[in-house]
Every structure is written in structure tokens, then in C-alpha cells.
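Data first, discussion second: the structure below is written as C-alpha cells.
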Amino acid sequence: MKTIIEPFRVKVVEPIRMTTRADRERLIAASHFNLFGLHSDDVLIDLLTDSGTGAMSAAQWSAVMRGDESYAGSPSFYRFLAAVQDLMPFRHVIPTHQGRAAEAILFSILGGAGRVIPSNTHFDTTRGNIEATGAEALDLPCAEAADFSGTYPFKGNIDLTALAKLLRERGAAVPCVMITLTNNAGGGQPVSLENLRAVHALAQRHGKPLIIDGCRFAENAWFVKQREPGQATRAVRDIVRETFSLAEGMTMSAKKDGLANIGGWLALNDDDLALAARNRLILTEGFPTYGGLAGRDLEAIAAGLAEVVDEEYLHYRVRCNEYIGERLLALGVPIVQPVGGHAVFIDARALLAHIPPLAYPGQALAVALYEMGGVRSCEIGTVMFGRRPDGREVPARFDLVRLAIPRRVYTQSHADYLIEVFGEIAREKTRLPGYRIVEEPRLMRHFTAKFARLS
Ligand code: F0G
């Protein structure tokens, strides 16, 4: 059969409160045209993030009931540990309340002024946690990543030549090499095993640990199986195991490919580093057998890890996003290609060419998606990145809008509705207005900035 069905039935439903376009125009104006200001029950389809927004399975909910809330040595921790080590063979696994807590602990040890941490592209919390220690977060994406319409299959790869040059010239300042799977900030694009093996060899030659940000490890492994020569007949599970056997540690947000609503971990092979991390964990998160989580959360993650490597699930997951991407291209809506694992990225600067970057085409598209269809998305462009530390405002390298797809939450008809909304946008696009910022905080302005419409 050609039709790919959702590989699950729905047992519990969450009603969507319907709104009219007039309601939404009033609500978004009252939120000063910032989508983070909306109440989520005023949103019909919420594509703000795929993080912590997935639906848990019946097996996960029953595991939740098994959660043991002992302060130390809970059996829930040991089930969590076994589930992680089954896929990621690290000696030490340290639970944290979410991904950024693992990053904060790791870089409180490895960061510091004068150090530089290279990556294919750091996610913004990773960058923030590195920079907060005085270190430099350096992005070295492969050249293909900059070409939104090119169909190179592994645009998440790191630029190996640039990494080799950095290690040669500034090696003493590099405490570790990072790779983010998939490359979220770069459009949810995967990293090939070939690239990872080469990074591993290079890092080893220079005596540097490779640390993987593994948030979307299963989606990455699925792409490897689909796209990398010689990988098609391997089980995703085996690809995952090889991926992490190439690293000395990982940070993880279980809110993505842990299929959980909260949680994360830091995993390490080095005993001394793990000791320092656990000491830090006790100060900031909790005892090492719960690390800021309830026992029931550890259970949900353990069950989620068994489900996320299911290939029927991954097939459905990635195909849904491709379906949306194909329909958008057919409408003439420019997107980042190929479609990534967790999201579809729209090139708003190209779509709304009449709105200059400093009038925020990404914000204009995100507001229009909400007003016309009640869809919440996220601007990733000049609003997010345009304010420099010295106070100047400059256009970001791109103006994208991310439609992040929660796991196992929306169905095909939600996707068809979304595409219909885009049809309307495509028709009305030249009439969409730009925006100016009337109030913004000093840092991370996209969360709370207030906007006004340009007439
Ligand atoms: N690394 C990557 C690649 C991420 O995408 C995220 C979160 C984190 C680390 C931090 O994890 O949220 O559990 O602290 N990304 C979310 C998003 C917020 O919407 O892309 P966290």
C-alpha cells in the first residue's frame, strides 16, 4: 500500500478549542504580535516546538505508575540507566531535568575564558551555556548547509577541513568537539556516519573527546539508513549504537527523541569528568539517581527510548514532514530542502520578498499563519538573532519560520489543514505587512519583544 498510516490508534483525546479569524486577530494584537505571548488554548495547531510536546504511549503511561520516588537508588533509575545504555554505551549516565541542564554541567567543567568549542552548529542553549563560561562557541557547518534549495542528503555535517585547521592551529584551546544530531539550528538536517567517523578519528588524533548532542538521534539514524550508501539493511538500533560508540560523551534532551515531556541526561566515559559532573549535579539538580526528575519521569523516558527506534514509527514520522514539505513546494512556498527530521523550515525572506529583513519577514509570516489559521510557528531569523552584543541591529543570515512537528500528536487532516492555510498565505502574501519592535529585553528578545505592525 502506498498510504502510510499513523502506526498507532488514539486512546485519549485532547479537544482543540475552535477560534475564528476575528478572535485570533484580537488575541495576537493583545499579545503585541508575539506568538510566545498567546495562551496555548487559543492555538489550533501548535508547531512552536517538538520539545516536550509529544504524546506518550499506553506503555509509557503505565510505566509512569511504576515510578518509584525513592531519593536514592530507585529501581526507576536503574530501568532508565539500562534503557540508555542499551542504545548508548557510555560508562556514566547522569540524569538531568532537561537538555540545557546537562549542557550547563558539562561546560561548567570544560568551558572557561580562552577556550573554544567547535560544532556542526550549536543549538542556542548550548551556545548560551558555553558563552556563559567565557568560552567561544564556534559553528563549522559544511558548505552545503548554506544552500537552502540544494538536496545534499547530509547538510548537518561538520566542515572537516575547518575542524582540522582549528585543531591544528588552536588545539590547545579546544577542550572537546561537539556534534549536534540532527542539526536543529541548521534545519533539522542529519549528519552522516561517514562524517561522524571522520570527526572521531580527527578528535582522537588530537586527544580531544567527541561529545554528541543527541536530542534527535533516532531521526538522524533513520536518515542514515535511508540515505547513506551501505546502511539500508542495518537496523536503526545498530546505527544508533555505532553513532554513540564514536563519542566519549553526550548531552540529551529526552523531550525530543526520548518521547517524554521532560528530562535529559549527560553521559560520559571519563571517570574523573563524571565525578566532577555528579558533584555539580548534586548542587544544581539533585542526587545522581534522579537528577532533577521524578522517578515516574525516568520510567517514561526508559519506555520512550524503546519506542523511538521503532522503524515503523520513524518512517511515519519523517514521511509526515516530507508530505507537508512537498505540498508547500507545490504551492510555490520556498522551504529548506531536503525536509529535516523534526520540522519544516520556510524561507520567509524569499516568500515575503517585499518585506526587508529589518521589518521581520519571518515574524510577518508567523503572525499571518496564526491569524489566518490558528497555527503557531516560530521565527528563526532577524528577530531571534538580529540584535548584536554591542547593541547594533543587523539582518540575520536568514529569515526562516520553523514548523516543528510534535511527535504522535497531529494527524494527516491537521497536515492538510496546515497546507490549506499556506494556500491562503500564498494568495495574500504581497499584502502581508512588516513589523517593528517597540519594546525588547536586553537578551533573548524573541521571547518577550513587543511588536507593532507597519502600515
Ligand atoms: N540541543 C538541541 C539540538 C535542542 O534542539 C534543544 C532544545 C536543546 C539542546 C536543549 O534541550 O530544551 O531540553 O533544555 N530545543 C527545543 C526546540 C527547545 O524548540 O528546538 P532542552
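Scan region 288-302 and tell me whether some residue there is more than 27 Å from Leu314 (Cβ to Cβ) and among the aliphatic types (A, V, I, L, M).
Checked region 288-302: at least one residue is more than 27 Å from Leu314 (Cβ to Cβ) and among the aliphatic types (A, V, I, L, M).
Let me confirm something: among Arg197, Arg216, which residue is charged (D, E, K, R) and surrounded by fewer than 23 Cβ atoms within 10 Å (Cβ to Cβ)?
Arg197
Of the conditions (1) charged (D, E, K, R); (2) without any contact (Cβ under 8 Å) to a residue 40 or more places away in the chain; (3) surrounded by 11 or more Cβ atoms within 10 Å (Cβ to Cβ), Glu6 fails just one. Which one is it?
The single condition Glu6 does not satisfy is (2).
Could you tell me whether region 394-413 includes any residue that is of a type in the set (Gly, Ala, Ser) and over 30 Å from Met56 (Cβ atoms)?
Within region 394-413, one or more residues are of a type in the set (Gly, Ala, Ser) and over 30 Å from Met56 (Cβ atoms).
From the residues in region 390-426 that are at pLDDT below 95 and over 27 Å from the mean Cα position of the chain (by Cα), which one is farthest from Ala359 (Cα to Cα)?
Asp390
Do the conditions hold for Val401, that is, is it within 15 Å of the ligand (Cβ to nearest atom), among the aliphatic types (A, V, I, L, M) and free of Cβ contacts under 8 Å to residues at least 60 places away in the same chain?
Yes: the conditions hold for Val401.
Of everything in region 49-65, what is within 16 Å of the ligand (Cβ to nearest atom) and open to solvent by less than 30 Å² (accessible area, probe 1.4 Å)? Give them in sequence order.
Asp50, Ser51, Gly52, Gly54
Could you please find all residues in region 362-398 being open to solvent by 10 Å² or more (accessible area, probe 1.4 Å), assigned to a helix (DSSP H, G or I) and within 16 Å of the ligand (Cβ to nearest atom)?
Within region 362-398, Met384, Phe385 qualify.
Kindly indicate the residue of region 97-138 that is among the acidic types (Asp, Glu) and without any contact (Cβ under 8 Å) to a residue 40 or more places away in the chain and also nearest to the ligand (Cβ to nearest atom) among those meeting that condition.
Ranking the candidates gives Glu131 first.
Can you confirm whether Leu275 is under 17 Å from Arg91 (Cα atoms) and hydrophobic (A, V, I, L, M, F, W, C)?
yes
Tell me which residues, restricted to region 215-256, are small (Gly, Ala, Ser), under 19 Å from Pro89 (Cα atoms) and away from the ligand (no atom under 16 Å from the Cβ).
Hits for region 215-256 are Ala235, Ser245.
Those residues that are crowded, with 19+ Cβ neighbours inside 10 Å and not in a helix (DSSP H, G or I), I need them from region 229-241; list them, please.
Once the filter is applied, which keeps residues that are crowded, with 19+ Cβ neighbours inside 10 Å and not in a helix (DSSP H, G or I), region 229-241 yields only Gln231.
Give Ala294, Ala276, Ala306, Ala254 a once-over and let me know the one that is aliphatic (A, V, I, L, M) and over 26 Å from Ala59 (Cβ atoms).
Exactly one residue qualifies, and that residue is Ala276.
Ile324: outside the structural domain of Ala185 (by TED's automatic domain parsing), assigned to a strand (DSSP E or B) and farther than 17 Å from His92 by Cβ, yes or no?
So Ile324 does not fit the description; no.
The values are calculated or read from the model by the stated rules, or taken from the named source; none is laboratory data. Keep in mind the model is a prediction, meaning the values are calculated, not measured. Virtual Cβ from ideal backbone geometry, glycine too; neighbours counted across all protein chains shown. Heavy atoms of the whole protein, side chains included, go into the accessibility calculation; ligands, DNA and RNA do not. Shrake-Rupley method; radii C 1.70, N 1.55, O 1.52, S 1.80 Å.
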